[in-house]
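The values are calculated or read from the model by the stated rules, or taken from the named source; none is laboratory data. The shown structure was predicted, so the numbers you read here are calculated from the model rather than taken from an experiment. When we count neighbours, we look across all protein chains shown, and the Cβ atoms used for this are built from the backbone with ideal geometry, even at glycine. These accessible areas exclude ligands, DNA and RNA; they are computed on the full protein's heavy atoms, side chains included. Shrake-Rupley method; radii C 1.70, N 1.55, O 1.52, S 1.80 Å.
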Amino acid sequence: MEIIQNIDNNILEFIQIYMRNSVLDKLMPVITTLGSKLTIWTLIALIFIIGKKYRKYGVMIICSLILCFIVGNLGLKPLVARTRPFNAEPILNMLLIKLPTDFSFPSGHTMCSFAPAIIINYMNKRAGIFALTLSALIGFSRLYLYVHYPSDVFVGMVIGILIGNLVIVVFNNIETIKLKLLNRD
């Protein structure tokens, strides 16, 4: 575990020393806000639900966000109880956002961004590229803002991808079961 912590610290230090600048200091809080409280993803899901053509995908996104909350916030965060970087190694002038009060592992922003992005990518590859890019930017913003370790973001991404794919498989099997039941009649 010490090896991972050292790698995490070195990456965060690199970001803070070599990437910090006034443009990103303004941009990263905006990007991270897109993933805060599920803002952009819930909005996209609701837009999908309104239209009949994409309703299924909106419901899938909502289901993925609920699963991410259960797995991340109710499950892993309290279980692992990892201290956030700004608490472990305080840095001056880092208050670009309101600092989170929960635990660090895994990154909920990243998890709740990649799960919907995987569903959007399944629905439409072009829109998926945009969604996955936005998810990666949201994940990076968490590092830049010094509220997560790289391993938090990486595991959040992996769990989000797994949850997104799980929801796709479950919904596809529900469709298959419905078709089989309709064909019996």
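Take the Cα of residue 88, step 7 Å along the line toward its Cβ, and report every residue of region 13-48 whose backbone nitrogen sits under 17 Å from that point. Output list for this probe position: 13-17. Extent of region 116-185 along its three principal axes (Cα atoms, max minus min coordinate, largest first): 58, 23, 11 Å.
Charges at C-beta only: +1 for Lys and Arg, -1 for Asp and Glu. How large is the resulting dipole of the chain about its Cα centre, in Debye rounded to 20? Here the size comes out at about 940 debye.
How long is the gain from residue 158 to residue 26 if the chain were fully straight, where each residue apart is worth 0.36 nm and the alpha carbon distance is subtracted? Write down the numbers at each step before the final one.
On the way: separation 132, 0.36 × 132 = 47.52 nm, distance 2.77 nm.
Taking residue 158 through residue 26 to full extension adds about 44.7 nm, to one decimal.
What percentage of all Cα-Cα pairs in region 1-81 are separated by more than 23 Å? Value for region 1-81 (Cα pairs over 23 Å): 50 percent.
Calculate the FRET efficiency for residue 33 and residue 166 from the Cβ-Cβ distance with a Förster distance of 30 Å, rounded to the nearest 0.05.
Here the calculated transfer efficiency is 0.65.
GNM on the chain, alpha-carbon springs under 10 angstrom: the most fluctuating residue among 89, 175, 13 is 175.
The residues of the chain expose, per residue, 57 Å² of accessible area to a 1.4 Å probe. Every helix of 4 or more DSSP H residues in the chain counts as -39500 (n - 2.57), and over all residues that averages to -23000 deg cm²/dmol at 222 nm.
Taking only protein heavy atoms and a 1.4 Å probe, the accessible area of the chain is 69% carbon and sulfur. In degrees, nearest 10, range 0 to 90: what is the angle between the Cα axis of helix 108-123 and the longest Cα principal axis of the chain? Between helix and principal axis, roughly 40 degrees. As a calculated quantity, the FRET efficiency between residue 66 and residue 173 at R0 = 25 Å, using C-beta atoms, amounts to about 0.85. Each part reduced to its alpha carbon centroid, region 125-155 and region 6-28 end up 14 Å apart. When the chain is described by a simple charge dipole with +1 on each Lys and Arg Cβ and -1 on each Asp and Glu Cβ, the residue from 49, 28, 146 located farthest towards its positive end is 49.
Between 0 and 90 degrees, rounded to the nearest ten: what's the tilt of helix 55-68 against the longest Cα principal axis of the chain? For helix 55-68, the angle is close to 40 degrees.
Take every Cα pair under 8 Å whose residues are at least 6 apart in sequence, average their separation, divide by the length of the chain, and the relative contact order is 27 percent. Each of 137, 160, 181 was placed along the dipole of region 77-185 (beta-carbon charges, centred on the mean Cα), and the one lying farthest toward the positive end is 181.
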